[in-house]
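Q: Quick one: the structure is below, and I'll ask about it shortly.
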Amino acid sequence: MITPASHIAALIVAAGRGTRAGGDIAKQYQSLGGMPLLARTVGVFATHEKLASVTVVIGADDHDLARTALPEGVARVVGAGSRAGSVAAGLAALPAETTHVLIHDGARPLVSKALISRVISALETCDGAAPALAVTDALWRAEGAFVEGTQRRDGLWRAQTPQGFALEAIRAAHGAHDATAADDVEVALAAGLRVALVAGEDRNIKVTHPEDFARAERILREDQMDIRVGNGFDVHRFGDGDHVVLCGVKVPHGRGLQGHSDADVGMHAVTDAIYGALAEGDIGQHFPPSDPQWKGAASEIFLKHSVALAAERGFALGNVDLTLICERPKIGPHAEAMRAEMARIMGCDVGRVSVKATTSERLGFTGREEGIAAMATVVLVPA
C-alpha cells in the first residue's frame, strides 16, 4: 500500500518497432506536435510530483534515438523480444528504493497527470490498479466476412495504461509467468493479484496506425485551446480582534475580520476564482455557511479543495493574481510571505502567485476602514 515513505517509479515500455504506424523509424521516435512521441509520454511522468523516478525500456538499436528524445535524468534499459520480457528487464533496473511502479506504454503520449494520480490513489488500498473504459458499442462475433452472432458487453472494459502495482508483487508475478501476455494486468491476474479499476480517459489513445498520429495532433490542438480564466471577489468587515489572517498569514492589526470561517478574504477570492474557471459555483455551494462544521474553519481547506477539483478535471494552475483593497493594515511588508504560503497550499511555484494591494483613496467602506475587499484572477491550463 502507498504510504508517505513510498518510492513510486514510472516504467515506460518503448522497445517495440511499431511497424503498423509506418515511417522510417520506430513510431515512438516519430514527431508528434513538433517533438518525438516518446518525449511527450515521458514528459508527463517526469513532471508528476508523486513520481520519484522514470525508467524507459528501449530497443537494442535505439540508443542514439533515445539519447535525442529523452531528457537528462531519465534512466534507460534495453528491452527484450517480447513486451513481457521488456517489462521484466525494466522492473529489474528500477532504483533499489522503489516500492511501487506504474507501467505505461510509450505509445500513449496523451496520458494526463490526473489519470496518473487516480492510479496512484487506488494503490493506497490495493496492490494493483489500472485505468479502463467501459465498452459501449455493440459487440459481434464473426467468421470471415459475415456476422455470426452477438456478444454481451456487460462487464467488459477497454484496458489502458499506466497500470500500477506494488513492485515486489508484480516482479514475482512476472517471474512466475511463462506465457505471452497482452499487458501487466494479465500477468498480475495469473498470479492471483487483485487489480482495482480506475476511470480511464478517451484521450489516452495508443498510437498504433498512421491515422492515430492525426487524431493525437487534433487532441493536442484542443488541449492548447482549453485555457480557463476565473475571477473571484470577496469582502469581510472588521470587528473585534488584534490581527487579521490574509492569504494564510497572521498580520497584526487593531481589529479582526469577521466571517463564518476564518474570514481570510484573500484566500476566499482566489478560491472562488478557481471555482469560477471550472464553472463550479463558489465557496458557499461547496461549503455552505449554514453548515456548523465550517464555523471558524481554516480557509486553506477551501483553497485545497478547489485546487484538487481542478486537478481532477485535468487542469493545473497557470497563475494567480490577487489584489487586496484596504487602507490598513499595510500589505507590502507581508506580501512575500503571503505568496509563499499560497504557493505552498496550492502546490505550485511561488513565481505563479502574485499578491499586491491598493487603497480606495479613502472612498467607500474600505476607505472608511470598515473592512477589506479582495479580487483575484486565476488562469488554469491543461495538466
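Q: Inside segment 59-85, can you point out the residues that are touching a strand residue (DSSP E or B) at 6+ places or on another chain (Cβ under 7 Å) and under 16 Å from Tyr29 (Cβ atoms)?
A: Those that are touching a strand residue (DSSP E or B) at 6+ places or on another chain (Cβ under 7 Å) and under 16 Å from Tyr29 (Cβ atoms): Ala60, Ala66, Ala69, Leu70, Val74, Arg76, Val78, Gly79.
Q: Right, here's the next one. Looking at (1) closer than 18 Å to Ile325 by Cβ; (2) open to solvent by 20 Å² or more (accessible area, probe 1.4 Å); (3) of a type in the set (A, V, I, L, M, F, W, C), which is the only condition Val195 fails?
A: For Val195, the exception is condition (1).
Q: Can you tell me which residue in segment 292-312 is least open to solvent (accessible area, probe 1.4 Å), limited to those that are in a loop (DSSP other than H, G, I, E, B), on the phi < 0 side of the Ramachandran plot and out of contact with any strand residue (DSSP E or B) (no Cβ under 8 Å at 6 or more places or on another chain)?
A: Top of the filtered list is Ala297.
Q: Take Asp234 and tell me if it is within 30 Å of Asp291 (Cα to Cα) and touching a helix residue (DSSP H, G or I) at 6+ places or on another chain (Cβ under 7 Å).
A: Spelling it out, Asp234 is indeed within 30 Å of Asp291 (Cα to Cα) and touching a helix residue (DSSP H, G or I) at 6+ places or on another chain (Cβ under 7 Å).
Q: Quick check on my filter: what residues within segment 338-350 are open to solvent by 30 Å² or more (accessible area, probe 1.4 Å) and either assigned to a helix (DSSP H, G or I) or at positive phi (or both)?
A: Residues satisfying the conditions are Arg339, Ala340, Glu341, Arg344, Gly347, Val350.
Q: Taking Ala188, is it open to solvent by less than 30 Å² (accessible area, probe 1.4 Å), under 18 Å from Thr41 (Cβ atoms) and either of a type in the set (Gly, Ala, Ser) or in a strand (DSSP E or B) (or both)?
A: It is false that Ala188 is open to solvent by less than 30 Å² (accessible area, probe 1.4 Å), under 18 Å from Thr41 (Cβ atoms) and either of a type in the set (Gly, Ala, Ser) or in a strand (DSSP E or B) (or both).
Q: Please state which of the following conditions Asn319 fails to meet, knowing it meets all the rest: (1) assigned to a helix (DSSP H, G or I); (2) modelled with pLDDT of 90 or more; (3) open to solvent by 60 Å² or more (accessible area, probe 1.4 Å).
A: Going through the list (1) assigned to a helix (DSSP H, G or I); (2) modelled with pLDDT of 90 or more; (3) open to solvent by 60 Å² or more (accessible area, probe 1.4 Å), Asn319 breaks only (1).
Q: Also, I was wondering about something else. Among the residues of segment 58-80, write down those that are crowded, with 19+ Cβ neighbours inside 10 Å and closer than 16 Å to His174 by Cα.
A: Gly79
Q: Out of segment 156-183, which residues are buried (at least 17 other Cβ atoms within 10 Å of the Cβ) and touching a Ser or Thr at 6+ places or on another chain (Cβ under 8 Å)?
A: Ala166, Leu167, Asp183 - these are the residues of segment 156-183 that are buried (at least 17 other Cβ atoms within 10 Å of the Cβ) and touching a Ser or Thr at 6+ places or on another chain (Cβ under 8 Å).
Q: Run down Thr41, Thr55, Thr47 and say which single residue is within 22 Å of the chain's Cα centre (by Cα), within 19 Å of Asp212 (Cβ to Cβ) and hydroxyl-bearing (Ser, Thr, Tyr).
A: Thr41
Q: Within the group Asp262, Asp272, which residue is in contact with a strand residue (DSSP E or B) (Cβ under 9 Å, 6 or more places away or on another chain), surrounded by 17 or more Cβ atoms within 10 Å (Cβ to Cβ) and assigned to a loop (DSSP other than H, G, I, E, B)?
A: Just a single option satisfies the conditions, and that option is Asp262.
Q: Look through segment 117-158, keep the residues that are of a type in the set (Val, Ile, Thr) and in contact with a strand residue (DSSP E or B) (Cβ under 7 Å, 6 or more places away or on another chain), and return whichever of them is farthest from Leu197 (Cα to Cα).
A: The residue in question is Val147.
Q: Restricting to segment 67-118, give me the number of residues that are assigned to a loop (DSSP other than H, G, I, E, B), of a type outside the set (Gly, Ala, Ser) and touching a residue at least 12 places away in the same chain (Cβ under 8 Å).
A: Total satisfying the criteria: 12.
Every residue, every condition in (1) at positive phi; (2) open to solvent by less than 50 Å² (accessible area, probe 1.4 Å); (3) small (Gly, Ala, Ser), yes or no:
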| position | (1), (2), (3) |
| --- | --- |
| Ile331 | no, yes, no |
| Glu336 | no, no, no |
| Arg352 | no, no, no |
| Thr358 | no, no, no |
| Gly364 | yes, yes, yes |
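Q: Looking at (1) assigned to a helix (DSSP H, G or I); (2) at pLDDT 95 or above; (3) under 20 Å from the mean Cα position of the chain (by Cα); (4) under 30 Å from Leu139 (Cβ atoms), which is the only condition Phe165 fails?
A: The failed condition is (1).
Q: Can you name the residue in segment 81-112 that is of a type in the set (Ser, Thr, Tyr) and open to solvent by 40 Å² or more (accessible area, probe 1.4 Å) and is also modelled with the lowest pLDDT among such residues?
A: Once the filter is applied, the top-ranked residue is Ser82.
Q: Find the residue count for segment 1-55, including only residues that are of a type outside the set (Asp, Glu), under 19 Å from His104 (Cα atoms), in a loop (DSSP other than H, G, I, E, B) and open to solvent by 50 Å² or more (accessible area, probe 1.4 Å).
A: Counting residues in segment 1-55 that are of a type outside the set (Asp, Glu), under 19 Å from His104 (Cα atoms), in a loop (DSSP other than H, G, I, E, B) and open to solvent by 50 Å² or more (accessible area, probe 1.4 Å) gives 4.
The values are calculated or read from the model by the stated rules, or taken from the named source; none is laboratory data. Quantities reported herein were computed from a predicted structural model and do not represent experimental measurements. All Cβ positions, even for glycine, are placed from backbone atoms using ideal geometry, and neighbour counts span all protein chains on display. The protein model used for the area step is the full one, side chains on, heavy atoms only, and it has no ligands, DNA or RNA in it. Shrake-Rupley method; radii C 1.70, N 1.55, O 1.52, S 1.80 Å.
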